[in-house]
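The block underneath contains the structure these notes are about, expressed in structure tokens.
The values are calculated or read from the model by the stated rules, or taken from the named source; none is laboratory data. Just so you know, these numbers come straight off a predicted model, no measurement behind them. Here the Cβ positions follow ideal geometry from the backbone for every residue, glycine too, while neighbour counts run over all protein chains shown.
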Amino acid sequence: MTALSVNLNKVALVRNTRTIGIPSVSRAATLVLEAGADGITVHPRPDGRHVRAADVAELSALLKQWPAAEFNIEGNPFHGLLDFVRQVGPHQCTLVPDETGAFTSDHGWSLPDDSERLRPVVEQVRSLGVRVSLFMDPVPESMRHAAELGADRVELYTEPYALAYGTPAQADVLARYVAAAEAALRVGLGINAGHDLNRDNLAAFLTVVPADEVSIGHALIADALEFGLGPTVRMYIAEIRKAELARRAR
């Protein structure tokens, strides 16, 4: 079944508005793992507005108590991300081309245009025994270039799907993700997905896109304000299971 990795950046964002350490990012990690999440994602940015270096170290230590859980660190490899990778040795490193000060990640790598500068980064991360995922737009022809770089997976950037969900454009947009996933599988890449996936649109996406993992933060944390972290995680897992059953029935 598709794994659920919970992005805790928004917990850190709220914590950072005060100096008293609440809400605790580590406590949030414990709660989501106890509720059945498969892993934790963090995206440390140079401006420190989300998770910070101390959070990364604390989460790495915490996850030693959860040997089956995955630690995914994502971000721009040219903005100091590799320092975190070397320090804590996460299970997965997701390389994202976001700019310094960007409001949020809003596009994937452009391959083969970015291939030469990414190649040594991918090689370095893999030499550390860390799985490499490249944040990518749903462009089928780019999947071959990602595989040629030595990436293990791609993370499909799903905001365009989220914006199209429930509109007449949904089917056509979703078809692009299906085509990209098929192209990725043909060249031996695993498939992750993330960005603006939520309880409404998740099952429809996973029913036709065979993702190994989804990384969800903003919507899940927003839902948790109403339902609580544990119950919210279980709601998302239920949507993933719903998609798995629908995929088997197709």
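One table, with the values for the structure above:
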| item | result |
| --- | --- |
| Of all residues making up segment 106-119, the number that are assigned to a helix (DSSP H, G or I) and either small (Gly, Ala, Ser) or within 17 Å of ASN72 (Cβ to Cβ) (or both) | 1 |
| First in segment 194-214 and closer than 16 Å to SER5 by Cα and assigned to a helix (DSSP H, G or I), second anywhere and of a type outside the set (Phe, Trp, Tyr) and at pLDDT 95 or above, Cβ under 6 Å, 6 or more apart | LEU202/GLU239; ALA203/GLU239; ALA203/LYS242; ALA203/ALA243; LEU206/THR2; LEU206/ALA243 |
| Residue within segment 184-198 that is surrounded by fewer than 18 Cβ atoms within 10 Å (Cβ to Cβ), under 23 Å from ALA238 (Cβ atoms) and out of contact with any strand residue (DSSP E or B) (no Cβ under 8 Å at 6 or more places or on another chain) present | no |
| Single condition ALA169 does not satisfy, out of (1) small (Gly, Ala, Ser); (2) without any contact (Cβ under 8 Å) to a residue 12 or more places away in the chain; (3) under 20 Å from GLY217 (Cα atoms) | (3) |
| Pair list, Cβ under 6 Å, 6 or more apart: segment 237-250 residue touching a residue at least 12 places away in the same chain (Cβ under 8 Å), other residue of a type in the set (Lys, Arg) | GLU239/ARG199 |
| Residues of segment 49-68 classified as within 23 Å of TYR157 (Cα to Cα) and either crowded, with 21+ Cβ neighbours inside 10 Å or not basic (Lys, Arg) (or both), total | 2 |
| Total residues in segment 120-153, condition hydrophobic (A, V, I, L, M, F, W, C) and not in a helix (DSSP H, G or I) | 8 |
